[in-house]
Amino acid sequence: MLLNIFYNFEVYIGTVLFIVIMFLLFLQVVSRFVFNHSFTWTEELAAAMFVGMVYCGVSSAVTYRKHLRIDALLEAVPFKIKKALLIFSNVIFIGFNFYVAYLYVEIIANLRNSMTSLLHIPKKYLYAIVPIMLLLTTIRLCFDIVKLYNETPKTLGASVPVIDIEALEAEAKQIAAAYKAEQNLKNPDHDEKEGK
């Protein structure tokens with residue numbers, strides 16, 4: 001359970017941020033159109049949370065190998081080359097993360113004591129979300145490189161989604177079949193009536 005939370009915490013944080021953003025925007029719409037009063041701070045907070053949510057999604061997508069990529073070449077090459085290309089792709093991604101994080105650190109250094117206009121939150125804290133999440137993404141990429149190195153042709157590229165729809169559908173069918181069997185035991189005439 002604890003390992004699952006650690007493995008998926010970006011998904012959980014991103015989900016909470018999404019729910020809070022939706023609540024803030026709903027509050028903004030209701031207050032503006034129903035009460036003719038606008039909470040202007042909600043837009044500023046929602047924008048800051050949106051950035052966090054997006055970068056949580058980036059890190060989570062690395063965990064499950066769900067980033068967009070063109071697989072035509074990968075599917076056409078032998079296993080060892082495919083594995084090497086995936087590792088190389090992750091190394092390039094890590095380099096990109098370091099470059100963008102470096103640029104953000106420079107921006108943060110230039111912000112000094114600048115504050116947001118409505119909530120008076122230091123902008124350096126809001127801008128720090130990006131390099132922190134890129135660092136987390138880099139850590140996830142390093143884990144993925146180790147995982148790729150140890151994978152076999154059968155498991156290469158296999159990932160288990162956070163919400164496995166097929167597993168949920170199979171479980172729902174089992175529950176429905178068990179419920180139907182239970183109803184048949186309680187009322188054996190029910191099947192005969194349905195057959196007519």
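The values are calculated or read from the model by the stated rules, or taken from the named source; none is laboratory data. Values in this document were obtained by computation on a predicted structure and should not be read as measured data. With ideal geometry, Cβ positions are generated from the backbone for all residues, glycine too; neighbour counts draw on all protein chains shown.
Annotation note: of Phe96, Phe88, the sole residue that is under 22 Å from the mean Cα position of the chain (by Cα) and surrounded by 11 or more Cβ atoms within 10 Å (Cβ to Cβ) is Phe96.
For first residues located in segment 62-78 and surrounded by 10 or more Cβ atoms within 10 Å (Cβ to Cβ), partners that are not in a helix (DSSP H, G or I) and lie 6+ apart or on another chain with Cβ distances below 6 Å form the pairs Tyr64/Ser159; Arg65/Ser159.
Taking the listed residues Gly52, Gly14, the one that is in contact with a Cys (Cβ under 7 Å, 6 or more places away or on another chain), modelled with pLDDT under 95 and either in a helix (DSSP H, G or I) or not charged (D, E, K, R) (or both) is Gly14, with no other qualifying.
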